[in-house]
């Protein structure tokens, strides 16, 4: 029988760009927490392990049937930061009763996971951290929705930096955009083409352009957690020429060709061109009827000058602290849990602030209960 370590966390994909950033923030906030970096080539993590202290790297291959079987002991929690394509890691965590935060599922992959879990007995918590930026965006959107007894609309606009840092999973994510996406409109899911329904917006940094619908987990999660009748998530690149090219490739069907396995190398070369970093900007609009029966709206901006890697890692750490009871609250029990049910919003906002993320709201946010 495996030993269980109650003071450690395993990060799968732990020495990728996201995993490394997660480990850095965790170490700053929790000096005594043992951090385990998992991946197929643990020797690549030697430098990170040395810099972190109280850390180690282990071999974990989530494409194998039982990816946790090779571990010398089971951690108290797992953060998954890579695409669990076959749900091997998720199901192994469920059956080993290990709490997990999963931050690497887009909309369709999340719906698939829920289908899998319907036939499983959950004796440990599964925290759905796959909303935009490690679940930080739906968490803030839900906090804004708390002032309304009836939520009509949640609109999320994202400005992606074309020179921002990113991991290889971002290319896999972009490739599935050739399939229809399901957007929640007037209380029902509507299948629409990705990169459709453009909207003219002006972001906090002054960028003016069009945003387009994309397959975001928020379309699935926010109607469940807030009761919103309409949820729309749109995205744009800060490079208008690249954005126009992406829309063209989608409309002409070229992007669908990239989904074929034979084009695996070509697709990554085309879609995964990370830079050294760029600002990541998000606008959230929540509209509804408040407790006095008055229609109103809350407008929020989130800006991370250090880009999506930093903001995603912040979201992952917020969810991990909740999962392990490191935020001062009682950790969640067995079952499925969502970032939107954050029990310590002040702590989450402080974590974002400490990492350079600015959150501005037209109306004070309310702590979910």
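The values are calculated or read from the model by the stated rules, or taken from the named source; none is laboratory data. On a predicted model such as this, the values are computed, not experimentally measured, just so you know. A quick note on method: Cβ atoms are made from the backbone with ideal geometry, for glycine too, and the neighbour counts reach across all protein chains shown.
Any residue in the range 44-53 that is in contact (Cβ under 8 Å) with a residue 12 or more places away in the chain, surrounded by 14 or more Cβ atoms within 10 Å (Cβ to Cβ) and in a loop (DSSP other than H, G, I, E, B)?
Checked against the condition, which is being in contact (Cβ under 8 Å) with a residue 12 or more places away in the chain, surrounded by 14 or more Cβ atoms within 10 Å (Cβ to Cβ) and in a loop (DSSP other than H, G, I, E, B), the range 44-53 yields no hits at all.
For (1) farther than 21 Å from residue 277 by Cα; (2) in a loop (DSSP other than H, G, I, E, B), each residue gets a yes or a no:
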position	(1), (2)
196	yes, yes
201	yes, no
209	no, no
232	yes, no
244	yes, no
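Condition check: touching a residue at least 12 places away in the same chain (Cβ under 8 Å), not assigned by TED's automatic domain parsing to the domain that holds residue 231 and not in a helix (DSSP H, G or I). Does residue 315 satisfy that?
no
For residues that are surrounded by fewer than 24 Cβ atoms within 10 Å (Cβ to Cβ) and part of a helix (DSSP H, G or I), scanning just the range 64-92, find the one that is nearest to the chain's Cα centre (by Cα).
90
How many residues does the range 15-40 hold that are at pLDDT 95 or above, within 24 Å of the chain's Cα centre (by Cα) and outside any helix (DSSP H, G or I)?
The qualifying residues number 8.
In the range 318-369, how many are out of contact with any strand residue (DSSP E or B) (no Cβ under 7 Å at 6 or more places or on another chain), part of a helix (DSSP H, G or I) and free of Cβ contacts under 8 Å to residues at least 60 places away in the same chain?
5
Does the range 293-301 contain at least one residue that is in a helix (DSSP H, G or I) and at pLDDT 95 or above?
no
Can you go through 264, 255, 250 and tell me which one is surrounded by fewer than 21 Cβ atoms within 10 Å (Cβ to Cβ), more than 20 Å from residue 359 (Cβ to Cβ) and at pLDDT below 70?
264
Counting just the residues of the range 104-133 that are within 19 Å of the chain's Cα centre (by Cα) and closer than 13 Å to residue 77 by Cβ, which one comes out surrounded by the fewest Cβ atoms within 10 Å (Cβ to Cβ)?
Going through the qualifying residues, I end up with 125.
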